[in-house]
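Have a look at the structure below, then the notes.
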Amino acid sequence: SLGLYRHLGPALEGILQRSQQTYPQQVIFTGHSLGAATALLCAVQYQKQKQQQQQLAASKSNNKNQQIYPSCSVVTFGGPRIVNQPLADHWMMATRPQDGNDNDNNVHNNTLEDAFVNFVHSRDPILQQNQPLWDSLGFAVVGREILCECNQRVVYETQSKLDKKVLAWNFLDHCTYLGRFVGPRLW
């Protein structure tokens, strides 16, 4: 993702510079499956660049030309678990909003977890097949995993685990979330 972010970062910075005067902004990284993992990694790189820019601006006396990096969040569908719990906690803390209020350093608060959301459903065969492996390796969720339906626009309020009793075998179910096909297209 670092290579991808190095390629896309300058374009994103240009968009931010052109629009910083007109829009209250938030950058949302999104993706499905492998794209979900890439979106998460790019968000971490973005936040690192944002923090470096803020440190540089703070060290200079003239902040008129300071680049404004809005806060970021990640919304993904059927994304894999790619890190262990300590690294997931570190990423959550490193990407939290820098509002000067350090009273709540709890990684697992709703505001912080809502910045990183991964929608999952029990009919997704990729998630069903890999969940036991991820659990055995200690891979963790970055943010919140939210259970939704495959073929309907239904999201459940409580955090739930995937239903292991569901036979997930159709690859097209991996590409369908909330009633929308989000997989590759031939056209």
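The values are calculated or read from the model by the stated rules, or taken from the named source; none is laboratory data. Since the model is a prediction, treat every value here as computed from it, not as a measurement. All Cβ positions, glycine included, derive from the backbone under ideal geometry; neighbour counts span all protein chains shown. We work out accessible area using only protein heavy atoms, side chains counted, and drop any ligands, DNA or RNA first. Shrake-Rupley method; radii C 1.70, N 1.55, O 1.52, S 1.80 Å.
At a glance:
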| item | result |
| --- | --- |
| Among (1) closer than 16 Å to residue 143 by Cβ; (2) surrounded by fewer than 17 Cβ atoms within 10 Å (Cβ to Cβ); (3) modelled with pLDDT of 90 or more - the single one residue 31 does not satisfy | (2) |
| Selection from region 1-15 of residues that are modelled with pLDDT of 80 or more and of a type in the set (A, V, I, L, M, F, W, C) | 4, 8, 11, 12, 15 |
| Residue selected from region 105-152 under the condition hydroxyl-bearing (Ser, Thr, Tyr) and modelled with pLDDT of 90 or more, by the criterion least open to solvent (accessible area, probe 1.4 Å) | 122 |
| Pick from region 166-181, criterion touching a residue at least 12 places away in the same chain (Cβ under 8 Å) and assigned to a loop (DSSP other than H, G, I, E, B), ranking: nearest to residue 119 (Cα to Cα) | 178 |
| Residue ID - modelled with the lowest pLDDT, chosen from residues in region 62-88 that are open to solvent by less than 40 Å² (accessible area, probe 1.4 Å) and farther than 28 Å from residue 121 by Cα | 67 |
| Test: residue in region 44-56 that is modelled with pLDDT of 90 or more and farther than 25 Å from residue 155 by Cβ | no |
| Qualifying residue in region 89-104 (condition: in a loop (DSSP other than H, G, I, E, B) and modelled with pLDDT of 80 or more) | no |
| Of residues in region 18-50 being polar (S, T, N, Q) and out of contact with any helix residue (DSSP H, G or I) (no Cβ under 8 Å at 6 or more places or on another chain), the one nearest to residue 92 (Cα to Cα) | 26 |
